[in-house]
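The values are calculated or read from the model by the stated rules, or taken from the named source; none is laboratory data. Only a predicted model underlies this, so the values are computations on that prediction, with no experimental measurement involved. Glycine gets a Cβ as well: all are built from the backbone with ideal geometry, and neighbour counts include every protein chain shown. Heavy atoms of the whole protein, side chains included, go into the accessibility calculation; ligands, DNA and RNA do not. Shrake-Rupley method; radii C 1.70, N 1.55, O 1.52, S 1.80 Å.
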Amino acid sequence: MIGKISKGSDFGGILRYILQIEKGYFMNSNMLVDTTKAGNNLAKDLAQQFRENLQDLKSKAKSPVFHLAVSLPKENKLDDYTFSKIGEEYLGKLGFKINVNAEGQNQFVMARHNDTEHEHIHIVASRVGSDGSYVDLHKDFKKINEISRELEIKYGLKVVTNRKLDIIKPSLKEIKMEERKHQKGEKYITPRKELIKKIDNSLMLGGGKRTLQGMVFSLKKQGVNVRFNTSKDQSKIKGISFSIKRGEENFIFKGSSLGKKYSWNNIKKAIDYNEKRDAKVVQFVIDESEKTNTFNLPDKEKSKIKEDFETILNDFSTKNFIKIENKNYRDKYISFTNSELNSLKKMNEEWKNNTKDLSPIKHYEKAFRQHYFKSYIRDLNEFYKRPIEYRKKDIEESNLQKQGLKNNLKQYMDKSGFSYSDQLDKSIDALRFTNKDNVELKDLNNEWKKGNHSTNPMEYFKDRYILHVDYYYQELKKSLDRLDNKHHINSKSEYDKLLKICEDSNFDNKLPNALKAFERELEKGNNPDLLKYVSERIEDNNNQIRNVYGEKNQFESQTTDTINSPLFDNIAKGVSLSSGSGGQYQEEPPKRKIRRKNNPRL
C-alpha cells in the first residue's frame, strides 16, 4: 500500500473532491451523516460540522485539515469492511482518536474511489480533538511508510517498496559522469548503482533468507568487499560498509549512504542473522578487511600521509609568508579518520606540484573547524549528563577562567597595538565552557600570566567565538524547526530578522530563552506574534538587568550593542592568518567605531 498525506485549512474543498459521485462513494465516518444526501450536498453538511467544532473550541490551528489517500497494488482487492478497518488503523496509529464518545475525539470521513486501476480510499479528519488537543504529525512521511509495511503484513497484502525512502538518489557528479559516458556511446553504470544491484542480488534467495555468511560470500564473488563497524570488543555490529573496485580506484559506501534499505538495521532483518552463530563470520570479515586494507590504513601509512601533509603546509607557509597561528594547540583537536586520510593522500600528490594553491591551508582550517566542533559537542553532551550541583560548580569555575582570559587578552592586545573594548567583554561573557574547557583554559591562563604566548590568546578567543556562533546557529535552527513541526509556526520566514537579534544580543542566551518562553505561550493556547514577543521579552530582560544591577555592572555585558573593536575587523579580514605577522601591528589602529552589519565570522 502507498499512503500519501496532505494538510490544509479548507474542509469544504477536500470533502467535495472525495465525495464526488462519479469517482466513488461515502464509506465510513464517526459524524452525523445524512444518508439521503450524496456528493456536494453531503460534503457541505460535513464541512459545516467540522467548522462548527473548531468554532466551539475557539481553535486557532492554521492547518486543522488532515487528508490521507491509501492506494492498493493492482494485484490486491478488498471489501469495504476490511478497507475501512485498514483506514481506521492508519488513523489510530497516527494518533487520531476516532471512537465515538472518546475523550478528545477527532472527526473523520472516509470515501472509496474506483476511478483508477488502483483501488484507493480517501480519509479527511480534523487534527483538533473535541477537547482542543492537536494531533502532531512530525515525520509523518516516515510514519506512514512504517504503518503501511506493518498493515501489509497483517492483512496479507503485497509489500510495496517505497524507492524514495529506501534508496538515496545519486549525486549530481555521478549523474553528469553517466551522461558524459552515454554521450560518447560508452556503456557506463555508476559505482553506486552497480553496488546496489549486487547487494540486491546477494539478498535474494528463493524460498528463504540468506545467512550472514551466504550474503558475505555472495558479495565477494561479485567483487564487493564488506566491512562491519563493531563495538570495541567486536561483539556487536553497529554498521556496515561496502567497497567496489573500478580499475585502480576503490569506491567505499556506508550502507546508510546507499539508502535506508541498506543500513545494518534493515539488512539484518532481510537475512537470517544470529549474533552468537555468526560471531566467527564477523571476525573473518574484520580480519579480511585488515589484510586487504580496503578500509583501514596501516599505522605506518597513516603516519606518512600526516607527515607529508605537515611538510606541504610548512613549505606553503614559508614560500607564501603565511603563519598558521596556534598550530600546536589546533593539532590536538584534529584526528583524521581513515576516509579523510585516503582523501588527504590524493590531495598531497596534487599539492606537491602546486605550491601557489591555497588548498592546503583551507583544508587544514576546515579540518580544524570540523573536529573542534565535534569535540565541543561531545564535551557539551557529557557536561549536561553531570549532576546539577557539579554543573553549577563548573559554571562558577568558567566565570573565573573567563575573567582570567579577559585580563590576559587585554594585556596581550595592549602590547600588540590593539585596543581592548567593552564589546570583547560581552563576547567572552557569552561563551559557553564545559568542565574540560575550564581545565584547558586554566592551563592557558597560567601560561599567559608567565608571558608564554606560544598559544596566541587573540587567536584562541577567535576560534572559541566562531565555535560559539556555529553552535548557536545550529541550536537556533533546531528551535525554529521545533516551532514549525510541533506548533506549525512558520518561523523560518523570520530567520534573517532573528539572526539580526542574535548578532545584536552578542549570541548570548537571551534569544534561546525568549524562544522557549514563546513556546510555553503557545502550549497555553496563546498565539502571540513571534518577532514582537521575542523582541519585547529581550528588552524586558535588559531593563530588569539595568534596574537591579545598574548601568555599568558586569551583568550589563549581555545588553545589545554594535561591534566596535578593531580586533573583529582584523580577524574578519584574516589579518593574523595571511599577513605573516601573527596578528601584531606596530602602528596604533585608528580610534574610530566600526559598525559591522554581519557577524565576525571567517
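Check S84, S126 and return the single one that is within 35 Å of the chain's Cα centre (by Cα), on the phi < 0 side of the Ramachandran plot and among the polar types (S, T, N, Q).
That would be S126, the only listed residue that is within 35 Å of the chain's Cα centre (by Cα), on the phi < 0 side of the Ramachandran plot and among the polar types (S, T, N, Q).
Name the single residue that is modelled with the highest pLDDT among those in the range 179-207 being touching a Pro at 6+ places or on another chain (Cβ under 9 Å) and surrounded by 16 or more Cβ atoms within 10 Å (Cβ to Cβ).
R192
Could you run through the range 235-254 and say how many residues are among the hydrophobic types (A, V, I, L, M, F, W, C) and open to solvent by 50 Å² or more (accessible area, probe 1.4 Å)?
Residues flagged as among the hydrophobic types (A, V, I, L, M, F, W, C) and open to solvent by 50 Å² or more (accessible area, probe 1.4 Å) within the range 235-254 amount to 2.
Being among the polar types (S, T, N, Q) and not in a loop (DSSP other than H, G, I, E, B) is the filter; apply it to the range 132-160 and report the residue that is farthest from I98 (Cα to Cα).
Taking the candidates together, the pick is N145.
Working only within the range 82-112, note down all residues that are in a helix (DSSP H, G or I) and within 23 Å of I14 (Cα to Cα).
Result: F83, S84, K85, I86, G87, E88, E89, Y90, L91, G92, K93.
Quickly run through the range 365-411 and pick out the residues that are closer than 27 Å to I322 by Cα and among the aromatic types (F, W, Y).
Residues satisfying the conditions are F368, Y372, F373.
List every residue pair whose Cβ atoms sit under 6 Å apart, with the two residues 6 or more apart in sequence or on different chains, where the first one lies in the range 421-450 and is open to solvent by less than 20 Å² (accessible area, probe 1.4 Å) and the second, anywhere, is assigned to a helix (DSSP H, G or I) and small (G, A, S).
Listed by first residue and then by second, the contacts come to F433/S398; N438/S398; N445/G404.
Starting from residues that are of a type in the set (G, A, S) and buried (at least 18 other Cβ atoms within 10 Å of the Cβ), keep the ones in the range 22-60 and report whichever is farthest from D131 (Cα to Cα).
G24
Which condition breaks for F66 when tested against (1) under 34 Å from the mean Cα position of the chain (by Cα); (2) over 18 Å from I98 (Cα atoms)?
Going through (1) under 34 Å from the mean Cα position of the chain (by Cα); (2) over 18 Å from I98 (Cα atoms) one by one, F66 breaks only (2).
Any chance the range 236-244 includes a residue that's at pLDDT below 80, over 19 Å from N274 (Cβ atoms) and more than 25 Å from the chain's Cα centre (by Cα)? Talk me through it step by step, then tell me what you get.
Taking the range 236-244 first, the residues at pLDDT below 80 are none.
The answer is no, given that none of the residues of the range 236-244 is at pLDDT below 80, over 19 Å from N274 (Cβ atoms) and more than 25 Å from the chain's Cα centre (by Cα).
Looking only at the range 167-178, which residues are of a type in the set (D, E, K, R), at pLDDT below 70 and outside any loop (DSSP other than H, G, I, E, B)?
Initially, the range 167-178 is screened for residues of a type in the set (D, E, K, R), giving 169, 173-174, 176, 178.
Checking which are at pLDDT below 70 leaves us with 169, 173-174, 176.
Within the range 167-178, K173, E174, K176 meet the criteria.
Given the conditions (1) within 27 Å of E523 (Cα to Cα); (2) modelled with pLDDT of 90 or more; (3) open to solvent by less than 20 Å² (accessible area, probe 1.4 Å), and given that Q107 satisfies all but one, which numbered condition is not satisfied?
(3)
Taking the range 29-53 only, how many residues are under 30 Å from E75 (Cα atoms) and modelled with pLDDT of 90 or more?
Residues meeting the conditions: 1.
Tell me, which residue of the range 113-130 that is part of a loop (DSSP other than H, G, I, E, B) and either without any contact (Cβ under 8 Å) to a residue 60 or more places away in the chain or open to solvent by less than 20 Å² (accessible area, probe 1.4 Å) (or both) is farthest from K260 (Cα to Cα)?
Checking each candidate, the answer is G129.
Only one of S84, S71 is in contact (Cβ under 8 Å) with a residue 12 or more places away in the chain, open to solvent by less than 80 Å² (accessible area, probe 1.4 Å) and in contact with a His (Cβ under 6 Å, 6 or more places away or on another chain); which? Walk me through it before giving the result.
On the way: S84 fails: in contact with a His (Cβ under 6 Å, 6 or more places away or on another chain).
Residue meeting the stated conditions: S71.
Yes/no per residue for (1) open to solvent by less than 70 Å² (accessible area, probe 1.4 Å); (2) in contact (Cβ under 8 Å) with a residue 24 or more places away in the chain; (3) among the polar types (S, T, N, Q):
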{"site": "L313", "(1), (2), (3)": "yes, yes, no"}
{"site": "T318", "(1), (2), (3)": "no, no, yes"}
{"site": "K323", "(1), (2), (3)": "no, yes, no"}
{"site": "K332", "(1), (2), (3)": "no, no, no"}
{"site": "L341", "(1), (2), (3)": "yes, yes, no"}
{"site": "K352", "(1), (2), (3)": "no, yes, no"}
{"site": "P360", "(1), (2), (3)": "yes, yes, no"}
{"site": "S375", "(1), (2), (3)": "yes, yes, yes"}
{"site": "L380", "(1), (2), (3)": "yes, yes, no"}
